[in-house]
Amino acid sequence: MTVSHTARLLVVGDDDFGAAAADAILQRLPDRRPRLGIATGDTPMPLYSELARRVRSGQIDVSTGFLIALDEYVGLGSQDPRSYAAYVRTQVGAPMGIPAGNILVPDGLAVDPDAEAEAFERRIGDLGGVDVQVAGIGSNGHLAFNEPGSPLDSITRVVTLSEQTRSDNARFFGSSSDVPHRAITQGIATICRARSVVLLARGSSKAAALAAALTGPVDTWIPASVLQRHPAVTVIADRPAAADLPTMRY
Ligand code: F6R
């Protein structure tokens, strides 16, 4: 198959997903002052539960670490439970013992979202960049909220969400009409500056996008395909998400 020569692909069963993802991340995360890039959503939940379990059992200590979010909805404040700020704080930071002051999420209520996006890009650089980026993939191939057609050299900016993404995320809001129309997202170039990327995919709704991203051409219409050019990517998929990958035929 044509997954880029430096990428590793692991296809795992549901019970092993969290542990496989945690192992992949911890192998690449420095002990001192680790900077972990956080994707939100359903896919990485087993990973965050497993990391929290290892923290509780004393296997790892990441309390000096930083969490850097990929994106945030414009119009949602950090106290809104549907915001990504709330997700990162409650699902990742608190269970992993990372202080709130070490969590960076774009401010969805910023008066000037464009200026907030620019400032967020600078904050990532000031922190020294991301050591390991956890990423998911949209059913339309999006990477963070870089929707199909996003420039490969894009940096953090305000974007308009596609109808597909708003409908996919309606489950967190009650209905798609309640899903915000805009978001601040790290750009494709921003994400590619992370030293390593661990791309996670679960479920059959991701199968076509994952196959296109890993085995098709690098194409702005499948933003996650840009990861073929990244020098250190691990892809972890469950069997339904991996079903369209050519390797599954053998
Ligand atoms: C979330 C993000 C998105 C999700 C993707 C998959 O911060 O940037 O790209 O990773 O939409 O979402 P789930 O995992 O909910 O299917």
| field | Full-stretch length increase - residue 229, residue 164 - with 0.36 nm per residue and alpha-carbon distance subtracted | value | 20.8 nm
| request: Starting from the Kirkwood radius over alpha-carbon pairs of the chain, derive D by Stokes-Einstein at 4 °C in a medium of 1.567 mPa s and give it in µm² s⁻¹. | output: 72
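How do the peptides 131-144, 212-225 rank, highest first, by the average count of neighbouring beta carbon atoms within 10 Å per residue?
Per-residue Cβ counts within 10 Å, averaged per peptide and sorted highest first, yield 131-144, 212-225.
Any chance you could run the full-extension gain for residue 178 through residue 63? It's 0.36 nm times the residue separation minus the Cα-Cα distance, nm to one decimal.
Details: separation 115, 0.36 × 115 = 41.40 nm, distance 3.54 nm.
Going from the current span to full extension adds 37.9 nm.
Per residue, how many Å² of accessible area does the chain show with a 1.4 Å probe? The partial results should precede the final answer.
Working: 10600 Å² over 250 residues.
That works out to 42 Å² per residue.
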| said: Considering only protein heavy atoms and a probe of 1.4 Å, how much of the accessible area of segment 1-147 is carbon and sulfur, as a whole percent? | reply: 50
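Using Cα pairs closer than 8 Å and at least 6 residues apart in sequence, work out the relative contact order for segment 1-113, in percent. Walk me through the numbers on the way to the answer.
Values: 146 pairs, mean separation 27.6, N = 113.
Reported as a whole number, the value is 24 percent.
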| field | Binned Cα-Cα distances of segment 184-223, short to long, each 5 Å bin given as a whole percent | value | 5, 19, 23, 29, 20, 5
| Using only helices, what value at 222 nm comes out for the chain when you add -39,500 (n - 2.57) per DSSP H run of length 4 or more and divide by the total residues, to the nearest 500 deg cm²/dmol? | -7500 deg cm²/dmol
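Under a Cβ-Cβ cut-off of 12 Å, what is the net charge of the residues other than residue 95 that fall near it, where Lys and Arg count +1 and Asp and Glu count -1? Don't skip to the answer; put the middle values down first.
Values: positive: 53, 54, 56, 89; negative: 50.
Residues near residue 95 contribute +3 overall.
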| query | Under a 1.4 angstrom probe, counting protein chains only, how are 176, 49, 154 ranked by accessible area, largest first? | reply | 49, 176, 154
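The values are calculated or read from the model by the stated rules, or taken from the named source; none is laboratory data. Predicted model, so just to flag it, every value in this text is computed and none were measured. All Cβ positions, even for glycine, are placed from backbone atoms using ideal geometry, and neighbour counts span all protein chains on display. The accessibility values were calculated without ligands, DNA or RNA, using every heavy atom of the protein model including side chains. Shrake-Rupley method; radii C 1.70, N 1.55, O 1.52, S 1.80 Å.
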